[in-house]
Each structure stands twice: as structure tokens, then as C-alpha cells.
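Below is one structure, written out as C-alpha cells, with a few remarks after it.
Nothing in this text is a laboratory measurement; each read-out follows from the coordinates by a stated rule. Computed from a predicted model, the values in this text were never measured in an experiment. As a convention, Cβ positions derive from the backbone with ideal geometry for all residues, glycine included, and neighbour counts pool all protein chains shown.
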Amino acid sequence: MEAISLRTDVFLLAHDDAGRLVGSEAGIGAGLAGATLIELLLANRVAVADGRLDVIDSALTGDEESDATLEAIAANTAPCGPRAWVSWISHGAYDRVAEQLYSAGVVRRSTGRRLGLLPVQRVRPALDEDLVRVRARVRYAIHGTQPPDAATAALCGLVRVLRLESSLLLSMPTSDLLLALERMSTANEITVRQVTNAVEAVITAATYR
């Protein structure tokens, strides 16, 4: 089974308990792209300098999505920042990650019917405790007394911009929850926050396209 990653956490939270996608595939795809870039940043595999995203360690990670991203960034000669890369990686990201996690046994898929006619794909975690763990991780960050680790802070930021707060099942006003998620996300360094902001910008641009 695949090791749990920030991208996996975002994917799990992007579905409700019935397995339905929360939001659009395009929006979640942007979040998954952002998660991939953030993990590479936190692992010191890429860096942002002068607004440009560059590879600083091109060794393979063993993760197909991360390795393809590293390869693309390393091969690129134009000065592209986080927003351009989030936009590019997001295309087809939802389907790629869904297939990867299904093949790894992290999620299971089924097909239902909308209004008894239209086929709708449902995606649920293969192990319920995986989703419980992700929810608990964010809840602890919000209600705890210690600053969250970098990956959890990044997850909080992505949950906020993707508007996945309902998936946390927290009994607090939405406005307060969004403020708490934003506060947690500020624990990250500026380059990680730049990627989170890029995800939000890509989603906003797609909304008004």
C-alpha cells in the first residue's frame, strides 16, 4: 500500500462519507497539484527563487506524480513560478491520483446512479482509519496549543482554499473554522504559502473563465 502523503490526505478529504467528490475535479486537481509541489518543497527537491520554481535535487522519489513533476520542471527553460506549474500539473491530476491510489489499494471505487439514471463514481478510503487520521490531524492543529508541523500547516492551507472544511466534521461556525485554518497555514515558510496562494488563484481564474 502506498505511503500516506499530503496529496493522499487532500484526496481523501475531497470526498464526503458517501464517496462523492466535494467540489469540482478541476478545483481538486489544482489542490492535488499544489500538494505535489509543496511536498517537493518540504523535501528540498525544488525551490522558489525570484518567482521561479527550480529543481535542486532531481533524484527520483519513487512516486510517479512527483517524479513526473520534477522531470517537467527540470526540463523547462522558461522562468515559470508556482501558479504556472499548479495550472499545468492540475490538468488530469484528479484522474491520475485516483488511479494511483486505487492501484495502491488506498481507495476503493464504486459506481452509483444519480436520479436513477446517470452513472456517478464513488470513491471511499479502503481503510476508514485513514480518513479518521486525516481529520484528527487537522482538528488537533486547530484545537492544540502547539504550532503544527510544516506538512499539517500546508494541509490546513489547502483545505481552506479548496473549501473542504465540511469534510472535517467540526462543530464550529464556518467563518471561524476558515480563519483557524488560515492561521494554521501561516506557520509555513513563504514559498509553501506561495504555492497555496497559487492554487487559490488557479481555482479563482477557472471560476471566472
Given 124-137, 193-206, the highest-first ranking by average Cβ count within 10 Å works out to 193-206, 124-137
So, with points 7 Å from each Cα along the Cβ direction, the residue 190-residue 178 label distance in nm works out to 2.7
Inverse of <1/r> over all distinct C-alpha pairs of the range 116-189, i.e. the Kirkwood Rh in Å, gives 13.3
Note: residue 88 to residue 57 extended length (0.36 nm per residue) minus current alpha-carbon separation gives 9.1 nm
In debye to the nearest 20, the charge dipole size for the range 143-209, taken about the Cα centre with +1 at each Lys and Arg Cβ and -1 at each Asp and Glu Cβ, equals 180
Sorted on mean Cβ neighbours within 10 Å (highest first), peptides 11-17, 46-52 come out as 11-17, 46-52
Rounded to the nearest 500, the 222 nm mean residue ellipticity computed for the chain from DSSP H runs (n ≥ 4, each -39500 (n - 2.57)) alone is -17500 deg cm²/dmol
Magnitude of the Cβ-charge dipole (Lys and Arg +1, Asp and Glu -1) of the range 109-169 about the Cα centre, nearest 20 debye, reported as 340
Contour minus Cα-Cα span, residue 64 to residue 102, at 0.36 nm per residue, comes to 12.3 nm
Shape call for the range 39-153, from the Cα gyration tensor axes a ≥ b ≥ c (a/c under 1.5 means rounded, otherwise prolate when a/b beats b/c, else oblate), comes out oblate
Here FRET efficiency (C-beta to C-beta, residue 49 to residue 132, R₀ 35 Å, nearest 0.05) is 0.35
Quick shape summary for the chain, equivalent ellipsoid via Cα gyration tensor, semi-axes whole Å in descending order, reads 26, 21, 17
For residue 15, other-chain or 5+-apart residues with amide H closer than 5 Å (H placed, Pro excluded) are 22
